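Encoded as structure tokens, the structure appears first; notes follow it.
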Amino acid sequence: MSLTLSNRSANVKPSSTLAITAKAKALRAEGRDIVGFGAGEPDFATPSNICDAAIKAINDGFTKYTPASGITDLKKAVCAKFEKFNHLHYDPDQIIICNGGKHALTNIFDAIINPGDEVIIPAPYWLSYPEMVKLSDGKPVFVYSTAEQGYKVTADLIREAVTDKTKALVLNTPNNPTGMVYSRKDLEEIAALAVEKDFYVVADEMYEALIYTGEDHVSIASLGDEIYKRTITCSGLSKSYAMTGWRVGYAGAPIEITKRMSAMQSHATSNVNSIAQKAALEALTGPTDEMEKMKAEFDRRRQYMYKRLCAMPHLSCLEPEGAFYAFVDASEVCELSYKGKKIENAAGLAAILLDEFDTAVIPCQDFGYPKHIRLSYAISMEQIEKGLDRIENLMKEL
Ligand SMILES: Cc1ncc(COP(=O)(O)O)c(C=O)c1O
């Protein structure tokens, strides 16, 4: 045997969003006044009632192993939330508590994919999905959508990608990176296709609490018994409760899938940190006024950012409806030159913005759109104003 590494690990790209965020942090440490639009996390502190519940858990000695798939009280709280907010009935034994939404998703893919199975991923997509599918020995199949389609795939578009190897569709609403929200009608059509063609739907509803249009979030699993049986609904506390570092996510699924996920988790990571589980229980059952305040502030920033972006030359953007991202079409910019050199793609634009304008943005090649950038508005209004001024200065120079 030689000291080779696995083919599976060789095929996985490191997360470019985390890399850009780390680079912006390093430049800041060198003393540069960097505005970071890369953040995939709220700039707010975790609400104090949630922190207090964690401190109480420590003081009460709640510091031992828990059941691997999560404490019953937390599972019951997740069920109550599914019932009330998503109009979905799950029993506690259909719930698994995982180390963040990412872990819930990797568990799901590991539970359903066999080597060579195809997983349809609508583009633009969150950059981790293809890597997760490949890690589970599946094959990502991309279905692209345009700005005219609101960056949303229709059942007809998905149908064209379905083969006899299609195992699942990943559906993310509200969407990262586009901020778009699927309507009930969109979802009814997609659900009908999933039932007709008999594939799973992995519904990633991580941003479900962050919709700004007044529309209700619709969970595809709530649209009938047949689609319920084929859907794994995944969410978490990271984004809407400002709890990214606590690492609590969860999934609700048909019992046989939850059992598989729980068995795998019992060998891989065991339970989510016991203290974080108590904090999550408080988040789901305690007062929600802090969450509402955060949402209102995101909305204010969203409207400001959208207005500013629309007024800039060379860039275009749809009005984000949910999550905390603006997805900006920079294809016109890619045709232009800066200091005598063609910009070429979003990575080129992001490099100029960071090197010359102290502004970090996410180039979206790893989200399937190499001429788009993603700007997060989960940073302070003051930072947003400063960063948009800088982007505008570049656009006016071009
Ligand atoms: C669409 C989407 N799903 C899931 C996650 C994972 O969240 P967590 O931090 O809880 O693992 C993220 C985080 O960026 C996300 O954007």
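Odds and ends about this structure:
- Any hit, segment 168-178, residues being more than 12 Å from the ligand (Cβ to nearest atom), in contact (Cβ under 8 Å) with a residue 12 or more places away in the chain and under 29 Å from residue 372 (Cα atoms): yes
- In the set 379, 352, 343, only one residue is among the β-branched types (Val, Ile, Thr) and closer than 25 Å to residue 241 by Cβ; that residue is 379.
- Within segment 28-52, restricting attention to residues that are more than 26 Å from the chain's Cα centre (by Cα) and part of a helix (DSSP H, G or I), the residue that is nearest to the ligand (Cβ to nearest atom) is 52.
- Residue within segment 138-151 that is crowded, with 22+ Cβ neighbours inside 10 Å, at negative phi and among the β-branched types (Val, Ile, Thr) present: no
- Verdict on residue 111 being away from the ligand (no atom under 16 Å from the Cβ), part of a helix (DSSP H, G or I), more than 19 Å from the chain's Cα centre (by Cα) and more than 21 Å from residue 263 (Cβ to Cβ): no
- The set of residues in segment 257-289 being among the hydrophobic types (A, V, I, L, M, F, W, C) and outside any helix (DSSP H, G or I) consists of 272 alone.
- Matching option when the condition is in the same structural domain as residue 121 (by TED's automatic domain parsing) and over 30 Å from residue 353 (Cα atoms), among 76, 56, 102: 76
- One residue alone among 342, 307 is closer than 19 Å to residue 177 by Cα, of a type in the set (Lys, Arg) and surrounded by fewer than 22 Cβ atoms within 10 Å (Cβ to Cβ), and that residue is 307.
- Segment 208-248, subset among the small types (Gly, Ala, Ser) and touching a Leu at 6+ places or on another chain (Cβ under 9 Å), residue nearest to the ligand (Cβ to nearest atom): 240
- One residue alone among 159, 184 is of a type outside the set (A, V, I, L, M), surrounded by fewer than 19 Cβ atoms within 10 Å (Cβ to Cβ), modelled with pLDDT of 95 or more and touching a helix residue (DSSP H, G or I) at 6+ places or on another chain (Cβ under 7 Å), and that residue is 159.
- Looking across segment 137-167 at every residue that is of a type in the set (S, T, N, Q) and farther than 15 Å from residue 193 by Cα, the one that is nearest to the ligand (Cβ to nearest atom) is identified as 145.
- Listed conditions (1) away from the ligand (no atom under 16 Å from the Cβ); (2) within 17 Å of residue 106 (Cα to Cα); (3) buried (at least 21 other Cβ atoms within 10 Å of the Cβ) are all met by residue 256, apart from (3).
- Given (1) over 16 Å from the mean Cα position of the chain (by Cα); (2) more than 18 Å from residue 80 (Cα to Cα); (3) in a helix (DSSP H, G or I), index of the condition residue 228 fails: (2)
- Residue 70 passes every criterion in (1) surrounded by 22 or more Cβ atoms within 10 Å (Cβ to Cβ); (2) part of a loop (DSSP other than H, G, I, E, B); (3) more than 15 Å from the ligand (Cβ to nearest atom) apart from (3).
- Residue in segment 190-198 that is at positive phi and within 11 Å of the ligand (Cβ to nearest atom) present: no
- Scanning segment 355-380 for residues being in contact with a Phe, Trp or Tyr (Cβ under 7 Å, 6 or more places away or on another chain) and without any contact (Cβ under 8 Å) to a residue 40 or more places away in the chain gives a total of 0.
The values are calculated or read from the model by the stated rules, or taken from the named source; none is laboratory data. Small disclaimer: the values here were computed from a predicted structure and weren't measured. Because the Cβ atoms are built from the backbone with ideal geometry, glycine has one as well, and the counts that use them run over all protein chains shown.
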